[in-house]
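Below is one structure, written out as structure tokens, with a few remarks after it.
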Amino acid sequence: MIVPPTTYAQWAALLKTFAEGTADEDVLHAMHTGTIAWQSGVAARFAQRFMDALHARVERASDVFDRAMQRASDERAMIGALLALRRSLIFLHSAAALPAVPEEQRTQFTALVQNAADRMQESLESSAKSDRTGRMGALVRNHKVNALEMEEHL
């Protein structure tokens, strides 16, 4: 169990662990129960560090998805890769909704993840257009990777 952070130094260490992708459930719990004094100097540094960590995690999720799709030999494997990507993005969207920060920043952080998911979905749909059978397009449309908010409440 990770102790919820209360200082910038503790948050910095936790965000490093978050960016590395280790102990996700413990990190998420600590992030959602931690606090931080939202002051001008701390706020800007914290926001930048958190956005960098989110970017790193989005890139990692995209890389894992790309590798899974390269190995996918049938529809089932492709669907599995799409769903795994969506689960990763849902986790990041949930992590971005930090109760410790003001609503404005929380909205910015969740929008960052949602925008990344939207770009991925658009890219997948665009790539699927080259599939003459239309099967890949149907898979991508039926298993959207950018459906993040509706999934959080299931």
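The values are calculated or read from the model by the stated rules, or taken from the named source; none is laboratory data. Keep in mind the model is a prediction, meaning the values are calculated, not measured. Note that each Cβ is placed from the backbone with ideal geometry, even for glycine, and that neighbours are counted across all protein chains shown. The accessibility values were calculated without ligands, DNA or RNA, using every heavy atom of the protein model including side chains. Shrake-Rupley method; radii C 1.70, N 1.55, O 1.52, S 1.80 Å.
Roll a 1.4 angstrom probe over the protein heavy atoms and tell me the percent of accessible area of the chain that is carbon or sulfur. Write out the running numbers ahead of the final one.
Working: 4450 of 8600 Å².
Here carbon and sulfur together make up 52 percent of the probe-accessible area.
Is there a quick way to get the dipole size of the chain? I mean about its Cα centre, with the Cβ of Lys and Arg at +1 and of Asp and Glu at -1; what is the value in debye to the nearest 20? Before the final figure, lay out the partial values.
Details: 17 positive and 19 negative charges, 66 e Å.
Result for the chain is approximately 320 debye, rounded to the nearest 20.
Against the main long axis of the alpha-carbon atoms of the chain, helix 40-71 sits at an angle near 20°. Each residue was assigned an accessible area with a 1.4 Å probe, and for I79 the value is about 40 Å².
Residue ranking by accessible heavy-atom surface, 1.4 Å probe, largest first, among L112, L89 comes out as L112, L89. From the Cα gyration tensor of the stretch 1-91, with a ≥ b ≥ c the square roots of its eigenvalues, which class applies: rounded if a/c is under 1.5, or else prolate if a/b is larger than b/c, or else oblate? Prolate, because a/c is 1.5 or more and a/b exceeds b/c.
Using the Cα atoms as the points, what is the convex hull volume per residue of the chain in Å³? Can you show the working numbers first?
On the way: hull volume 16.9 nm³, N = 154.
Cα-based convex hull of the chain, divided per residue, equals 110 Å³.
Per residue, the accessible area of the chain comes to 56 Å² when a 1.4 Å probe rolls over the protein heavy atoms. Would you work out which of Q114, H32, M136 lies farthest towards the positive end of the dipole of the stretch 8-154? Charges go on Cβ: Lys and Arg +1, Asp and Glu -1. Result: M136, furthest along the dipole toward the positive end. Heavy-atom accessible area, probed at 1.4 angstrom with all protein chains present, ranks V3, V140 as V3, V140, highest first. Remark: accessible surface ordering of L148, L28, L83 (largest first) is L83, L28, L148, probe radius 1.4 Å. Quick check on the stretch 67-113: take the gyration tensor over C-alpha atoms, sort the square-rooted eigenvalues as a ≥ b ≥ c, and tell me if it's rounded (a/c under 1.5), prolate or oblate. In terms of gyration-tensor shape, prolate. Going by Cα centres, the stretch 80-154 and the stretch 11-27 are how many Å apart? Taking the Cα centre of the stretch 11-27 as reference, the centre of the stretch 80-154 is 21 Å away. Dividing the summed -39500 (n - 2.57) terms of all DSSP H runs of n ≥ 4 by the residue count of the chain sets its mean residue ellipticity at 222 nm at -25000 deg cm²/dmol. For the chain, the longest principal axis of the C-alpha atoms and the axis of helix 24-33 are separated by about 40°.
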